[in-house]
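See below for the structure under consideration.
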Amino acid sequence: MINEKNIFLNLDATNKQEILEFISKKAVELGISDNQEGVLTDLNKREGEYPTGLQDGFAIPHAKSQYVKTPTILFLKLNNPIEWGTMDDSSVKYIFSLLVPKENEDNIHLQMISKLAVCLLEDDFKEFIQSCNNAKELKDYIIKNMEVE
């Protein structure tokens, strides 16, 4: 579900659309999808329903898409915060993107979002994510705290 290849640190981006395009491009490069435009359309559709920005600089753009082959988490850390649309009107610098196949048993996307939301309520979790700049340590920490592989 997450590995070091799915963690992108020190990214430069100027807006939300750039990030969603980056996520959909990486989904194809990593073999998560074979349709970049389809994933991008589904991410944008979800953002259009309600922005996925949370608070404290975090956002969780996600899509349940026919173009996604396997449930996956991507993590992005930006060099500079961008406007997103968050609950506390803060800019976003830390992004967890959840991509799941449309036909997925057990509503895994809801379980993933729920686990992540609970983690993001914990100050220790947020502080580690914000301060760590090592992909392997981030992957291990996320797996341990979210109980995903």
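The values are calculated or read from the model by the stated rules, or taken from the named source; none is laboratory data. Please read all numbers here as calculations on a predicted model, not as lab measurements. Please note: Cβ atoms are built from the backbone with ideal geometry, for glycine as well, and neighbour counts cover all protein chains shown. With ligands, DNA and RNA removed, areas are computed over all heavy atoms of the protein, side chains included. Shrake-Rupley method; radii C 1.70, N 1.55, O 1.52, S 1.80 Å.
For segment 75-137, trypsin sites (Lys or Arg not before Pro) are listed when DSSP marks them as loop and at most 12 other Cβ atoms sit within 10 Å of their Cβ; the list is LYS102.
Of the accessible area of the chain, computed with a 1.4 Å probe over protein heavy atoms only, carbon and sulfur atoms account for 45 percent.
At 10 °C and 1.306 mPa s, grab the translational diffusion coefficient of segment 56-137 from Stokes-Einstein with a Kirkwood Rh over Cα pairs, rounded to a whole number in µm² per second.
The Stokes-Einstein estimate is 116 µm²/s.
Classify segment 1-61: rounded, prolate or oblate, from the alpha-carbon gyration tensor (a ≥ b ≥ c, eigenvalue square roots; a/c under 1.5 rounded; otherwise prolate if a/b is larger than b/c)? Cα axes put segment 1-61 in the oblate bin. Report summary: the helix-based calculation at 222 nm, which adds -39500 (n - 2.57) for every DSSP H run with n ≥ 4 and divides by the residues of the chain, gives -13000 deg cm²/dmol. Checked against a 23 Å cut-off, the cross-linked pairs LYS102/LYS144; LYS5/LYS115; LYS25/LYS64; LYS25/LYS69; LYS45/LYS139 give Cα-Cα distances beyond that limit for LYS102/LYS144; LYS45/LYS139. Look at the dipole of the chain built from charges on Cβ: of GLN66, CYS132, THR52, the Cα furthest out on the positive end belongs to GLN66. The fraction of Cα-Cα pairs per 10 angstrom bin, counted from 0 for the chain, comes to 12, 46, 38, 4 percent, rounded to whole percents. Using a cutoff of 8 angstrom between alpha carbon atoms and counting only pairs six or more residues apart, the relative contact order for the chain works out to 26 percent. Could you pull out the GluC sites (Glu not before Pro) across segment 46-93 that fall in loop regions by DSSP (anything but H, G, I, E, B) with no more than 15 other Cβ atoms inside 10 Å? Within segment 46-93, the qualifying GluC sites (Glu not before Pro) (loop, at most 15 other Cβ atoms within 10 Å) are GLU83. Could you tell me the distance between the Cα centroids of segment 110-124 and segment 58-80, to the nearest Å? Each part reduced to its Cα centre gives a spacing of 14 Å. LYS25 versus GLU127, label points 7 Å from Cα toward the beta carbon: distance in nm? According to this spin-label approximation, the distance is 3.6 nm.
The magnitude of the dipole of segment 51-149, with charges of +1 and -1 set on the Cβ of Lys/Arg and Asp/Glu and taken from the Cα centre, is near 420 debye. For segment 1-46, the solvent-accessible area with a 1.4 angstrom probe is 51 square angstrom per residue.
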